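The structure appears right after this line, and notes come after that.
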Amino acid sequence: DRVVIDWGKSAVSWHQWYDRQTKEVLEILPKGYLGEFKGITNFVLDYTELKKLISNPEANKDWKSNLSSIKGIYMILDTKTGCQYIGSAYGKGGVWQRWMEYVSTKHGNNKKLKELYMENENCHKYFQYTILESLPSNIDKKEVIKIESLYKEKFGTRAFGLNEN
């Protein structure tokens, strides 16, 4: 997943013999590289990908730069149950800082996610993370929480999901 080779016109073949015809190595990607950053609202990461991203900030500088620079509303989807959690990031490190907590704790210190984790300490392996809305860095905490609350209402995550408040 790290070496990019120009296979020429033979790229459609399922295998090649490097020692029989020299191919140019175009790039060696850094260890832990997740892939190109596709835009703030244009991705879904599973827990393994999120952990890889957070654990390798130097290999994923675009991701870190973009996710650190914004506040935002995000969703965690439990792909096993279909339940959703809506959260917000409004601290100094933006979404990056908030998602670092999910990698280190597996539940981000959210009450219902903690309860889920206590029932099954592997539940985080079914989580997917995505950003629903990017917010400017100068927006205040109260406004972020107000927008987060609206998303919880829209998705019904208090009644049918993983939000308690």
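The values are calculated or read from the model by the stated rules, or taken from the named source; none is laboratory data. Bear in mind that the values here come from a model prediction, so they are computed numbers and not experimental data. Positions of Cβ are backbone-derived with ideal geometry, glycine not excepted, and every protein chain shown enters the neighbour counts. Accessible surface is based on the protein model in full, side chains and every heavy atom, while ligands, DNA and RNA are left aside. Shrake-Rupley method; radii C 1.70, N 1.55, O 1.52, S 1.80 Å.
Some observations on this one:
- Positive-end ranking of Ala89, Trp63, Thr130 along the dipole of the chain, with charges on Cβ about the Cα centre, is headed by Ala89.
- Potential lengthening between Phe160 and Asp46 on full extension [0.36 nm per residue; Cα-Cα distance subtracted]: 38.9 nm
- Ligands, DNA and RNA left out, the accessible area of the chain computed with a 1.4 Å probe is 49% carbon and sulfur.
- With the convex hull of its Cα atoms as the shape, region 77-165 has an orientation-averaged projected area of 5.6 nm².
- The GluC sites (Glu not before Pro) of region 88-157 that DSSP puts in a loop, and whose beta carbon has at most 16 other beta carbons within 10 Å, are Glu121.
- Extension gain, Glu58 to Arg2, is 18.7 nm, computed as 0.36 nm per intervening residue step minus the present C-alpha separation.
- Fully extending the segment from Asn109 to Lys146 would add 11.3 nm, taking 0.36 nm per residue of separation and subtracting the current Cα-Cα distance.
- Rounded to the nearest 0.05, the FRET efficiency derived from the C-beta distance between Thr79 and Glu119 at R0 = 25 Å is 0.90.
- Straight-line cross-link reach from Lys9 at under 16 Å between alpha-carbon atoms covers these aspartates and glutamates, not counting any fewer than eight positions away in the same chain: Glu24.
- When the helices of the chain are scored as -39500 (n - 2.57) per DSSP H run of n ≥ 4 and the total is divided over every residue, the value at 222 nm lands at -9500 deg cm²/dmol.
- The magnitude of the dipole of region 17-165, with charges of +1 and -1 set on the Cβ of Lys/Arg and Asp/Glu and taken from the Cα centre, is near 260 debye.
- Three principal axis extents describe the C-alpha atoms of the chain; from largest down they are 63, 38, 26 Å.
- For the options Val25, Val103, Val95, a Gaussian network treatment of the chain with springs between C-alpha atoms closer than 10 Å singles out Val25 as fluctuating the most.
- Restraint check, Lys52/Lys92; Lys64/Lys112; Lys52/Lys114; Lys92/Lys112; Lys38/Lys152; Lys38/Lys64, Cα-Cα greater than 19 Å: Lys52/Lys92; Lys64/Lys112; Lys52/Lys114; Lys92/Lys112; Lys38/Lys152
- Straight-line cross-link partners of Lys125 among the aspartates and glutamates, defined as a Cα under 19 Å from its Cα and at least 8 positions apart when in the same chain: Asp46, Glu49, Asp78, Glu101, Glu115.
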